[in-house]
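Working notes for the structure below.
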Amino acid sequence: MITPPMAGLYVLFDGNCNLCDGFVSFAMRRDRAERLSFVPLQSAEGIALLNEPEGQSMAFVENGQVWRASDAALRVFGYLDWPWSWLAWLRVFPRGLRDLVYGIVARLRYRLFGARAVCEITPRSRARRG
């Protein structure tokens with residue numbers, strides 16, 4: 001549940017997860033328009049944006065609407081530079097199937113990719129321009 005209605009695009013990610021940090025680094029490099037703000041779930045801003053960060057690997061807040069699991073990841077891809085933005089079309093697959101695959105990777109992420117005690121990515125919380 002999101003607390004206040006927040007304007008903007010926020011990628012909330014598990015700052016202790018190497019896979020999540022890798023995805024954020026990847027997305028930052030491909031968001032040349034700097035539309036997305038990246039916020040670790042464990043940070044004060046992440047906790048303020050999302051009341052229930054426990055057990056989350058990723059969430060996407062799009063102008064107050066919270067997206068989770070595969071919907072969150074695919075919405076992020078939709079904001080990246082071409083050719084990566086085309087991956088958003090994967091939303092045509094049934095959510096149950098997408099979330100099944102997402103859930104398996106999310107549950108195994110620490111075992112497969114490792115974890116860290118502290119997030120090495122500095123949150124990119126840009127002031128909205130315009």
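The values are calculated or read from the model by the stated rules, or taken from the named source; none is laboratory data. Just so it is clear, the model here is predicted, and its values are computed rather than measured. We place every Cβ from the backbone using ideal geometry, glycine too, and count neighbours over all the protein chains shown.
Miscellaneous remarks
- Check on Ser43, of a type in the set (S, T, N, Q), on the phi < 0 side of the Ramachandran plot and without any contact (Cβ under 8 Å) to a residue 60 or more places away in the chain: no
- Condition check for Gly15: assigned to a loop (DSSP other than H, G, I, E, B) and closer than 18 Å to Ala115 by Cβ: yes
- Within the range 25-61, tally of residues that are at pLDDT below 90, assigned to a loop (DSSP other than H, G, I, E, B) and under 21 Å from Ser85 (Cβ atoms): 0
- Here Gly64, Gly22 are screened, and the one residue that is at pLDDT below 90 and closer than 25 Å to Leu112 by Cβ is Gly22.
- Scan of the range 26-40 for residues that are in contact (Cβ under 8 Å) with a residue 60 or more places away in the chain and surrounded by fewer than 13 Cβ atoms within 10 Å (Cβ to Cβ), ordered by number: Glu34
- Residues of the range 1-11 classified as modelled with pLDDT under 90 and either under 11 Å from the mean Cα position of the chain (by Cα) or part of a loop (DSSP other than H, G, I, E, B) (or both), total: 7
- Close pairs (9 angstrom Cβ cut-off, 6 or more residues apart or separate chains): of a type in the set (Gly, Ala, Ser) in the range 91-103, in a helix (DSSP H, G or I) anywhere: Gly103/Ala69; Gly103/Ser70
- The number of residues in the range 92-109 that are of a type in the set (Val, Ile, Thr), in contact with a helix residue (DSSP H, G or I) (Cβ under 8 Å, 6 or more places away or on another chain) and within 17 Å of Gly78 (Cα to Cα) comes to 0.
- Scanning the range 97-130 for residues that are on the phi > 0 side of the Ramachandran plot and at pLDDT 60 or above yields a single hit, Gly114.
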